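The values are calculated or read from the model by the stated rules, or taken from the named source; none is laboratory data. Predicted model only: the values in this text are computed from it and were never measured. Because the Cβ atoms are built from the backbone with ideal geometry, glycine has one as well, and the counts that use them run over all protein chains shown. SASA here: full protein model, heavy atoms, side chains in, ligands and nucleic acids out. Shrake-Rupley method; radii C 1.70, N 1.55, O 1.52, S 1.80 Å.
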Amino acid sequence: MTVTAMTKPTATMTPEQRVATVFQLLQNASKMSFMGEEITQLEHALQGAQLAKKDGADEATILAILLHDIGHLCPSTEPCTNTSGKVWAAFHKTNVTADINEINHARLGAEYLHNLGFSEKTCELIDSHIVAKRYLSAKDPEYLAELSVGSKQSLKLHGGPFTPAEMREFEKDPLFKVKVQIRKWEEAARVPGVKTPTLDAYCEMAIRNLKQVV
């Protein structure tokens, strides 16, 4: 299946058209540097998805790591509000003086995809990829020390490591383990020159997600 963008009101778009629209946003990032590192935003997404698939993750989780940074890319003209009224992550804490796109991208991406009809699990995992980083930074000194320069900078923007009370609360989350694992894949998906499948490899998976066949 070839990825081509479609422009239609969300309510009248088929699952195939919605996937093509989202994937085109990622494809457009094929020359966009990822946080100043030596890979592009698209390469980062594809590396993460490849790691998740290799480790046997389910489809909702693979799509979550593939699309976790879509909030950096979704157009400002699209509705990025959570129509379900659900609050996925309870730990968003940011430095209000920082870049607003970096601060809000996890929530914006989750809401954008939720409005397109992606599954609740996929959207919740996307929304939580920043808070999982804050958890790991507090839990594991080695993880914190090994963060890239760009990742350490963004950690500061998002409020820094969790407090002990925040850690205990996050550990009660039913999806706690997979949220932490997504963050580990995300940090590992920053290697220049890694060969990965193209976006086309995930089209049918994304269509099934929209049809709730996950």
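Descriptive notes on the structure:
- Hits in region 173-206 (condition: among the charged types (D, E, K, R) and touching a Gly at 6+ places or on another chain (Cβ under 6 Å)): 186
- Within region 162-210, considering residues that are assigned to a helix (DSSP H, G or I) and without any contact (Cβ under 8 Å) to a residue 40 or more places away in the chain, the one nearest to residue 62 (Cα to Cα): 201
- The residue that is nearest to residue 107 (Cα to Cα), among those in region 146-161 that are touching a residue at least 60 places away in the same chain (Cβ under 8 Å) and not polar (S, T, N, Q), is 158.
- Lone unmet requirement of (1) open to solvent by 30 Å² or more (accessible area, probe 1.4 Å); (2) at pLDDT 95 or above; (3) among the aliphatic types (A, V, I, L, M) for residue 180: (1)
- Condition met for residue 190 (touching a helix residue (DSSP H, G or I) at 6+ places or on another chain (Cβ under 6 Å) and either open to solvent by 40 Å² or more (accessible area, probe 1.4 Å) or modelled with pLDDT under 95 (or both)): no
- Scanning region 113-152 for residues that are in a loop (DSSP other than H, G, I, E, B) and of a type in the set (D, E, K, R) turns up just one, 140.
- Per-region count, region 54-67, residues of a type outside the set (A, V, I, L, M, F, W, C) and surrounded by 21 or more Cβ atoms within 10 Å (Cβ to Cβ): 1
- Residues in region 128-168 that are among the β-branched types (Val, Ile, Thr) and surrounded by 17 or more Cβ atoms within 10 Å (Cβ to Cβ): 130, 131.
- Criterion applied to 89, 57 was being modelled with pLDDT of 95 or more and either in a loop (DSSP other than H, G, I, E, B) or on the phi > 0 side of the Ramachandran plot (or both), and the one residue passing it is 57.
- Residue 195, sole failed condition from (1) open to solvent by 60 Å² or more (accessible area, probe 1.4 Å); (2) at negative phi; (3) modelled with pLDDT under 95: (3)
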